[in-house]
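Each value in this text was obtained by applying a stated rule to the coordinates, not by laboratory testing. Keep in mind that what you see is a predicted model, and the values were worked out from it rather than measured. Methodologically, a virtual Cβ is constructed for each residue, glycine included, from the backbone with ideal geometry; neighbour enumeration extends over all protein chains shown.
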Amino acid sequence: MTTSGERRSHWQRVWTTRRPDAVSWFEPDAARSLDLIVGVARAPGAAIIDVGGGASVLVDGLLAAGFRNLTVLDVSVAALDVSRARIGSAASNVRWLEADVITVDLAPREFDVWHDRAVFHFLTDSRDRDRYVDLLAKSLRAGGHVVMATFASDGPEQCSGMQVTRYDAAGLADALGTSFELVRHQRAVHATPGGASQSFLYALLRRRDQGG
Ligand SMILES: C[S@@+](CC[C@H](N)C(=O)[O-])C[C@H]1O[C@@H](n2cnc3c(N)ncnc32)[C@H](O)[C@@H]1O
């Protein structure tokens, strides 16, 4: 899986053939992500993007917490449609971007918080990771934060039929490069709808004031 078209086809197939609450990454709430975001994005106007947000209920939690500058980006419009339908009229207060994070362009220094749960770990090609990191460094404001969740070093080797790269905190900080400093991290065990346990790493990083 290398091209943008292949990524789109794969994820469109997933989101049009699987029930959103039956996919392995489903969580009935997004409490861990929400806690980390709320801890750094105190103003209601903070610009927050959920990259590869899929059908996650994180956006519901952010709306309920009073945030009003929210963007959800996903390569699958079917995933975005699930969230839009669930949220109803409040969906018009969210910017929905159907795009591939590897190829999309975003405005410079647009975001205060960048959230990614279980997307970056699919980037097993270093060129894709480089593109992702360049975009992240460009579109996050100096002093802004990244909340990233990946499979931990003892987590699954695959997700949705694809190889993933697993990370410990030092490895993830290294992968994101010198524009970011690791603030803190925690491990978490995710219970899948199928009854399996998956080890995740949650990391909070800060965009340095200079460089990158
Ligand atoms: C494992 S799911 C995680 C979904 C969501 N973050 C969550 O925690 O429930 C990965 C999501 O990323 C999206 N995705 C995968 N590769 C992507 C890319 N290159 N650009 C944008 N979205 C992508 C998929 O469509 C899917 O919704």
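Could you pull out every residue, at least 5 positions away or on a different chain, whose amide H is within less than 5 Å of the one on Ser153? Hs are placed 1.01 Å off N in the peptide plane, and Pro or chain starts have none.
The answer is Tyr167, Asp168.
What is the gain in length, in nm to one decimal, between Ala90 and Met162 on full extension, counting 0.36 nm per residue of separation less the C-alpha to C-alpha distance?
Values: separation 72, 0.36 × 72 = 25.92 nm, distance 3.38 nm.
Extending this stretch completely gives an extra 22.5 nm.
I want to check the label-to-label distance for Arg19 and Asp209. Put each point 7 Å from Cα in the C-beta direction and report it in nm to one decimal.
Distance between label points: 5.2 nm.
Suppose R0 equals 41 Å; then what is the FRET efficiency for Thr192 and Ala43 from their Cβ-Cβ distance, rounded to the nearest 0.05?
Numbers: r = 35 Å, r/R0 = 0.85.
My answer for the efficiency is 0.75.
For each of Glu98, Glu157, count neighbouring Cβ atoms within 10 Å of the residue's Cβ, then give the residues from fewest to most.
Working: Glu98 16, Glu157 9.
Final ranking by Cβ density, sparse to dense: Glu157, Glu98.
Can you tell me how the chain classifies by the Cα gyration tensor, rounded, prolate or oblate, using a/c under 1.5 as the rounded cut? Numbers along the way, then the final one.
Values: a/c = 1.28, a/b = 1.07, b/c = 1.19.
Here the chain falls in the rounded category.
When a/c is below 1.5 the answer is rounded, else prolate if a/b is larger than b/c, else oblate, so apply that to the stretch 71-165 with a ≥ b ≥ c taken from the square roots of the Cα gyration tensor eigenvalues.
Numbers: a/c = 1.82, a/b = 1.19, b/c = 1.53.
In terms of gyration-tensor shape, oblate.
Once you charge only the Cβ atoms, +1 for Lys and Arg and -1 for Asp and Glu, what is the size of the charge dipole of the chain about its Cα centre, to the nearest 20 debye? Before the final figure, lay out each step's value.
Working: 24 positive and 25 negative charges, 62 e Å.
Around 300 debye, computed over the chain.
Would you mind counting up the charge near Thr71? Only other residues with Cβ under 9 Å from its Cβ, with Lys and Arg at +1 and Asp and Glu at -1. Kindly include the intermediate steps, with their values, before the conclusion.
Numbers: positive: Arg95; negative: Asp50, Glu110.
Around Thr71, the charge tally is -1.
Could you tell me the relative contact order of the stretch 62-162? Use alpha-carbon pairs under 8 Å, at least six residues apart, and round to a whole percent. Display every interim value, and only then the final one.
Details: 100 pairs, mean separation 27.0, N = 101.
27 percent.
Assign one of three labels to the stretch 18-85, namely rounded, prolate or oblate, based on the Cα gyration tensor with a ≥ b ≥ c the square roots of its eigenvalues; rounded applies when a/c is under 1.5, prolate when it is not and a/b is larger than b/c, and oblate otherwise. Write out the running numbers ahead of the final one.
Numbers: a/c = 2.28, a/b = 1.60, b/c = 1.42.
Taking the square roots of the gyration eigenvalues as a ≥ b ≥ c, the stretch 18-85 is prolate.
Using Cα pairs under 8 angstrom and six or more residues apart, how large is the relative contact order of the stretch 1-79, in percent?
Values: 78 pairs, mean separation 29.9, N = 79.
Relative contact order comes out at 38 percent.
For labels at Asp174 and Ser153 in the simple 7 Å Cα→Cβ model, what's the distance in nm?
The answer from the label model is 0.9 nm.
Rounded to the nearest 20 debye, what is the charge dipole size of the stretch 21-102 about its Cα centre when +1 sits on each Lys and Arg Cβ and -1 on each Asp and Glu Cβ? Walk me through the numbers on the way to the answer.
Numbers: 6 positive and 10 negative charges, 72 e Å.
In debye, rounded to 20, the stretch 21-102 gives about 340.
With charges set only on the Cβ (+1 for Lys and Arg, -1 for Asp and Glu), what does the dipole of the stretch 97-157 come to about its Cα centre, in debye to the nearest 20?
Computed about the Cα centre, the dipole is about 260 debye.
Extending each Cα 7 Å along its Cβ direction at Ala65 and Asp125, get the distance between those two points in nm, one decimal.
3.4 nm
Find the relative contact order for the chain and round it to a whole percent, using C-alpha pairs within less than 8 Å whose residues are 6+ positions apart.
The value is 19 percent.
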